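Comments concern the structure below.
The values are calculated or read from the model by the stated rules, or taken from the named source; none is laboratory data. Quantities reported herein were computed from a predicted structural model and do not represent experimental measurements. We place every Cβ from the backbone using ideal geometry, glycine too, and count neighbours over all the protein chains shown.
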């Protein structure tokens, strides 16, 4: 087994994982600034399921974009 290929794959996986986490954090921050209410309060205290679904959809969308970038 070629360890150079293994290390290259691990480096790419780490890079894209970091990119995905950063994009998620950026999207959550933008949503928090754009929303006229507290996202944390709406989801945790008020049990706003619709907002949870919207945020989950954004997470899945970012995951699909990062996945497409990984596969070229």
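Looking at segment 26-40 only, could you name the residues that are in a helix (DSSP H, G or I) and modelled with pLDDT under 90? Break it down into steps so the answer makes sense when it comes.
Of the residues in segment 26-40, the ones in a helix (DSSP H, G or I) are 26-34, 39-40.
Selection gives 27, 28, 31, 32, 39, 40.
Looking only at segment 41-54, how many residues end up being in contact with a helix residue (DSSP H, G or I) (Cβ under 7 Å, 6 or more places away or on another chain) and in a helix (DSSP H, G or I)? Don't jump to the end; show me each part of the working.
Initially, segment 41-54 is screened for residues in contact with a helix residue (DSSP H, G or I) (Cβ under 7 Å, 6 or more places away or on another chain), giving 42-43, 48, 51-52.
Still in the running and in a helix (DSSP H, G or I): 42-43, 51-52.
Within segment 41-54, residues that are in contact with a helix residue (DSSP H, G or I) (Cβ under 7 Å, 6 or more places away or on another chain) and in a helix (DSSP H, G or I) number 4.
Pairs linking a residue in segment 31-42 that is on the phi > 0 side of the Ramachandran plot and touching a residue at least 24 places away in the same chain (Cβ under 8 Å) to a residue that is surrounded by 11 or more Cβ atoms within 10 Å (Cβ to Cβ) and part of a helix (DSSP H, G or I), with Cβ atoms under 7 Å and 6 or more positions apart or on different chains, do not occur.
Scanning segment 5-18 for residues that are surrounded by 10 or more Cβ atoms within 10 Å (Cβ to Cβ) and out of contact with any helix residue (DSSP H, G or I) (no Cβ under 6 Å at 6 or more places or on another chain) returns 6, 7, 8, 9, 10, 11, 12, 13, 14, 15, 17, 18.
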